[in-house]
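For reference, the structure discussed in these notes is given below.
The values are calculated or read from the model by the stated rules, or taken from the named source; none is laboratory data. Remember, it's a predicted structure, so these values are computed and weren't measured experimentally. Positions of Cβ are generated from backbone atoms using ideal geometry, with glycine treated the same way; all protein chains shown enter the neighbour counts.
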Amino acid sequence: MNIKYHPGLTVDKWSSLTFSQQILNVVSELNRCKNWIKDSHPLLMRESLARALELIDLTIACAPRPNAVKELLRCREALSGFYVAPSVSYQEYLLTMRSLMDMDPTASALKTSMAA
């Protein structure tokens, strides 16, 4: 796996984190992206999305929960769509971010504190 945005990170290091920690790291990057969408900074938004996609790829490579892989791939597809889109709907982005958070109880509990 080619790691571009997190140079010191390997699949082995990433797999040493719990699934909750992995999802929360992805959500942290997506939250940065959310702020760039809100502030209309498409370049910074795409950079945050690229970092989040890399973390999702690492999570998929670890396959911590086989049943989660399908949902991670769906989320990755939606986020990739935002990456290539000429403009991003803030509300659609929030729905995608929240669907990822719903995959983990710890992340899901944070949804109210990360409301738009």
Open item on the list: Between ALA78, ALA52, ALA68, which is aliphatic (A, V, I, L, M), surrounded by 14 or more Cβ atoms within 10 Å (Cβ to Cβ), assigned to a helix (DSSP H, G or I) and out of contact with any helix residue (DSSP H, G or I) (no Cβ under 6 Å at 6 or more places or on another chain)?
Closed with: ALA68
TODO: Determine, yes or no, whether LEU9 is of a type in the set (A, V, I, L, M, F, W, C), more than 17 Å from SER108 (Cα to Cα) and modelled with pLDDT under 95.
DONE: yes
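For segment 12-43, what are the residues that are within 15 Å of the chain's Cα centre (by Cα), among the aliphatic types (A, V, I, L, M) and either surrounded by 21 or more Cβ atoms within 10 Å (Cβ to Cβ) or within 13 Å of PHE82 (Cα to Cα) (or both)?
Of all residues in segment 12-43, those within 15 Å of the chain's Cα centre (by Cα) come to 14, 19-37.
Filter once more, keeping what is among the aliphatic types (A, V, I, L, M): 23-24, 26-27, 30, 37.
Across segment 12-43, the qualifying residues are ILE23, VAL26, VAL27, LEU30, ILE37.
Somewhere in segment 48-64, is a residue over 22 Å from MET1 (Cβ atoms) and either more than 12 Å from the chain's Cα centre (by Cα) or in contact (Cβ under 8 Å) with a residue 12 or more places away in the chain (or both)? Talk me through it step by step, then tell me what you get.
Just the residues of segment 48-64 that are over 22 Å from MET1 (Cβ atoms), to begin with: none.
No; the residues of segment 48-64 include none that is over 22 Å from MET1 (Cβ atoms) and either more than 12 Å from the chain's Cα centre (by Cα) or in contact (Cβ under 8 Å) with a residue 12 or more places away in the chain (or both).
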